[in-house]
1. Please work out which one of (1) within 16 Å of ligand 2 (Cβ to nearest atom); (2) open to solvent by 50 Å² or more (accessible area, probe 1.4 Å) is the condition residue 149 fails and give its number.
2. If I go through the range 43-52 residue by residue, how many of them are in contact with a helix residue (DSSP H, G or I) (Cβ under 9 Å, 6 or more places away or on another chain) and open to solvent by 30 Å² or more (accessible area, probe 1.4 Å)?
3. Wholly within the range 228-338, which helices (runs of 4 or more DSSP H) include no fewer than the required count, namely at least 2 residues that are open to solvent by 70 Å² or more (accessible area, probe 1.4 Å)?
4. For residue 104, are the conditions met, namely being modelled with pLDDT of 95 or more, surrounded by 16 or more Cβ atoms within 10 Å (Cβ to Cβ) and over 18 Å from residue 41 (Cα atoms)?
5. State all residues of the range 356-381 that are open to solvent by 60 Å² or more (accessible area, probe 1.4 Å), assigned to a loop (DSSP other than H, G, I, E, B) and more than 15 Å from residue 306 (Cα to Cα); if no residue qualifies, say none.
6. Got at least one residue in the range 34-42 being assigned to a helix (DSSP H, G or I), open to solvent by 30 Å² or more (accessible area, probe 1.4 Å), farther than 30 Å from residue 230 by Cβ and at pLDDT below 95?
7. If we scan the range 75-84, do we find a residue that is within 16 Å of ligand 2 (Cβ to nearest atom), buried (at least 20 other Cβ atoms within 10 Å of the Cβ) and in a loop (DSSP other than H, G, I, E, B)?
8. For residue 345, which of the numbered conditions (1) more than 17 Å from residue 293 (Cβ to Cβ); (2) out of contact with any Cys (no Cβ under 9 Å at 6 or more places or on another chain) fails to hold?
Amino acid sequence: MESIDSVFLSVLRSRIFRNRDALSPEYVPEVLPHREDQIKQLGGILAQALKGFKPGNVFIYGLTGTGKTAVTKFVLRRLVLKANEIGASVKYAYINCRQSDTPYRVLADIAESLGIRVPFTGLSIAEVYRRILRGLNEHKGIFIIVLDEIDHLVKRKGDDILYRLLRINEEDIRTKVSLVCITNDVKLLEILDPRVKSSLGEEEIVFPPYDALELKDILACRAKEAFNDGVLEEDVIPLCAALAAKEHGDARRALDLLRVAGEIAERESSEKVACEHVRKAYSEIEKNTTLEVIKSLPIQAKIVLYAIFLLDKKNVKPIITGHLYSVYTNLCKIIGVGCLTQRRVSDIISQLDTLGLISTEIVSRGRHGRTRIIRINVDKKLLLEALKNWRRNIT
Ligand code: ADP
Ligand code: MG
């Protein structure tokens, strides 16, 4: 009890954060350094709405943490403010397709943005669509639909919903509709139906990754709002920026590092945030990410990973694909899951390698051909912890 009370006290007494929420991923800051071009581009396209014209559909792409969501929300909020100021009718719906991950949920969210209540389930898609049309016919104006993280929806449910929404202006409605689609997966364009592709990509905006210097500016801006004056030691922001720049320049990663470093300093009753707190934050985040990655693996990949773990534990060295396959098939039998072919298991091994959980190396074995040597790349305790709930099925 005493220890938890002392944690509470440290945090309550701490003067580290002025406004910790300013570092949370949902927070939309007032300034977005190094995104002036993208703001202007998107603003310029959507500005047509202020004059009652339908803006071209926009397709936005870039890796995670490059500011796509923040910029889009920022521009849309400003657009609506301007519209209200001059008496133009501009509305928008923002939908995150990772959260609303079925065509029904997407349409229900659109309906709700128009003030139409839709039950969580129960109506047909056609009925929700009809209600949206009715809503869109009530006023004259422009309605912008933002579909964020659209790759999640399209990969799982196909692009029918996009096709339908893109053709909504052919219906007899008084409101004109524009689409803004955002994707983290640059390859998404390749899997879209050509008709969807051409109407979606009327306008394209690319968000390149940030470099370390840009991340430094972004962090400095956010830190002013989030931390009390003089709390950050000088090297803290450059270190966060450098660490995040190594991982494709992800601003979310950089902000997480800074926030967690602040939280660690708080818990330790430190008056300042120092580089050592950033390093601790880095390994804490790394650990959590690894746990999440392992937990979210499909069952077959978990079995393969566990088979590698068992071989490693038995000190089998080197671990080669042949050994692995026989342990894998045994595990499948114990669990009562169908076995995949050796070829498919090979694919899984490659995926685990790509995820950084294991590393593999191809070696020649003379006349026996080539094989892969496998090594575990993550902390083994962590691996066991991640597979803990799942392993209960085995014993
Ligand atoms: P994406 O949607 O491309 O994955 P986000 O827009 O969610 O990325 O950005 C990730 C985090 O980084 C958010 O907290 C966002 O506010 C912040 N961020 C991104 N770019 C900037 C920027 N230029 N200035 C300030 N904060 C930024
Ligand atoms: Mg986003």
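The values are calculated or read from the model by the stated rules, or taken from the named source; none is laboratory data. Everything numeric here is computed off the predicted structure, so don't read it as measured data. Backbone-built Cβ (ideal geometry, glycine too); neighbour counts: all protein chains shown. Just so you know, the surface numbers come from the protein's heavy atoms only, side chains and all, with ligands and any DNA or RNA stripped out. Shrake-Rupley method; radii C 1.70, N 1.55, O 1.52, S 1.80 Å.
1. (2)
2. Residues in the range 43-52 being in contact with a helix residue (DSSP H, G or I) (Cβ under 9 Å, 6 or more places away or on another chain) and open to solvent by 30 Å² or more (accessible area, probe 1.4 Å): 2 in total.
3. 251-267, 275-295, 299-313, 321-335
4. On the way: modelled with pLDDT of 95 or more: no; surrounded by 16 or more Cβ atoms within 10 Å (Cβ to Cβ): yes; over 18 Å from residue 41 (Cα atoms): yes.
Judged against the criteria, residue 104 is not a match.
5. Result: 365, single match.
6. The initial filter retains those residues of the range 34-42 that are assigned to a helix (DSSP H, G or I), namely 36-42.
This time we only want the ones that are open to solvent by 30 Å² or more (accessible area, probe 1.4 Å), so: 36-37, 39-41.
Subsequent filtering for residues that are farther than 30 Å from residue 230 by Cβ retains 37, 39-41.
Subset that is at pLDDT below 95: none.
Checked the range 34-42: no residue is assigned to a helix (DSSP H, G or I), open to solvent by 30 Å² or more (accessible area, probe 1.4 Å), farther than 30 Å from residue 230 by Cβ and at pLDDT below 95.
7. The answer is no, given that none of the residues of the range 75-84 is within 16 Å of ligand 2 (Cβ to nearest atom), buried (at least 20 other Cβ atoms within 10 Å of the Cβ) and in a loop (DSSP other than H, G, I, E, B).
8. (2)
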